[in-house]
Amino acid sequence: MEIKASQVKELRDMTGVAMMECKKALVECEGNIEKALDLLRSNSALKAEKKAARVAADGVLKIFVGNDYATLIEINSETDFAAKDSNFVDFTNEVHDFIAKYKISDISQLHESEIEEKRKSLVQTIGENIQLRRLITKDFSADMNAGSYIHSDSKLGSVVIVSGGDES
């Protein structure tokens, strides 16, 4: 069966996976895009497992400060090049939004959520180990105020919670 370039492009646009990987999946699935998509999804978990042993020590911090809690998370990649990739940046923003929506207080909650599938898919797309490394959540009461700071390189950050005072 002949695989058309438009099919490969469509699958690539859907997944972000390399063109050759998309073509191989389409060939294996006889041109069926849905089956190829499922195949690529299953492959992303395998690739993520293989790369999990590699050190992911570069990346960014994300901080969410809500009305009664603040969360700081470290999201790592193997290189600073990958940490600047638009797919990685989009993923970190999704993690931030997920934390804001669900008040995540333990890293295992992320590993057991839809974020884990997105992480595995990103590993396949970028080709590097991506890890949700550390997460800290601190609750605070209504009479307290919290503020955060992330340095311009997104590698250093802090959360300050004070009793009393105001946001200024």
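Taking the criterion of being acidic (Asp, Glu) and part of a helix (DSSP H, G or I), would at least one residue in the stretch 148-167 satisfy it?
No, because not a single residue in the stretch 148-167 is acidic (Asp, Glu) and part of a helix (DSSP H, G or I).
So that you can scan it fast, the table gives a plain yes or no per residue for (1) under 13 Å from the mean Cα position of the chain (by Cα); (2) on the phi > 0 side of the Ramachandran plot; (3) among the polar types (S, T, N, Q):
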{"site": "95", "(1), (2), (3)": "yes, no, no"}
{"site": "105", "(1), (2), (3)": "no, no, yes"}
{"site": "121", "(1), (2), (3)": "yes, no, yes"}
{"site": "133", "(1), (2), (3)": "yes, no, no"}
{"site": "138", "(1), (2), (3)": "no, no, no"}
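Please work out if residue 30 is modelled with pLDDT of 85 or more, at positive phi, open to solvent by 20 Å² or more (accessible area, probe 1.4 Å) and not small (Gly, Ala, Ser).
yes
Evaluate the following for residue 53: is it modelled with pLDDT under 80, among the small types (Gly, Ala, Ser) and open to solvent by 70 Å² or more (accessible area, probe 1.4 Å)?
Taking the combined requirement at face value, the residue satisfies it.
Among the residues of the stretch 55-95, write down those that are under 17 Å from residue 123 (Cβ atoms) and among the hydrophobic types (A, V, I, L, M, F, W, C).
Selection gives 55, 56, 57, 60, 75, 81, 82, 83, 88, 89, 91, 95.
State which residue is farthest from residue 92 (Cα to Cα) when the search covers only the stretch 142-154 and only residues that are in contact (Cβ under 8 Å) with a residue 60 or more places away in the chain and open to solvent by less than 90 Å² (accessible area, probe 1.4 Å).
Selected residue: 146.
Under 9 Å between Cβ atoms, which residue pairs at least 6 apart in sequence (or on different chains) link something in the stretch 112-132 that is in a loop (DSSP other than H, G, I, E, B) with a partner that is open to solvent by less than 30 Å² (accessible area, probe 1.4 Å) and at pLDDT below 85?
Between residues of the stretch 112-132 that are in a loop (DSSP other than H, G, I, E, B) and residues that are open to solvent by less than 30 Å² (accessible area, probe 1.4 Å) and at pLDDT below 85, the close pairs are 128/56; 129/48; 129/56; 130/48; 130/56.
Only residues that are among the aliphatic types (A, V, I, L, M) and either touching an Asp or Glu at 6+ places or on another chain (Cβ under 6 Å) or open to solvent by less than 30 Å² (accessible area, probe 1.4 Å) (or both): list them for the stretch 98-125, please.
Listed by number, the residues that qualify are 99, 104, 110, 115, 122, 123.
Look at residue 113 and say whether it is at pLDDT 90 or above and hydroxyl-bearing (Ser, Thr, Tyr).
Yes, satisfied.
The values are calculated or read from the model by the stated rules, or taken from the named source; none is laboratory data. Computed from a prediction, not measured in an experiment: that's the story for all the values here. With ideal geometry, Cβ positions are generated from the backbone for all residues, glycine too; neighbour counts draw on all protein chains shown. Accessible surface areas use protein heavy atoms only, side chains included; no ligands, DNA or RNA. Shrake-Rupley method; radii C 1.70, N 1.55, O 1.52, S 1.80 Å.
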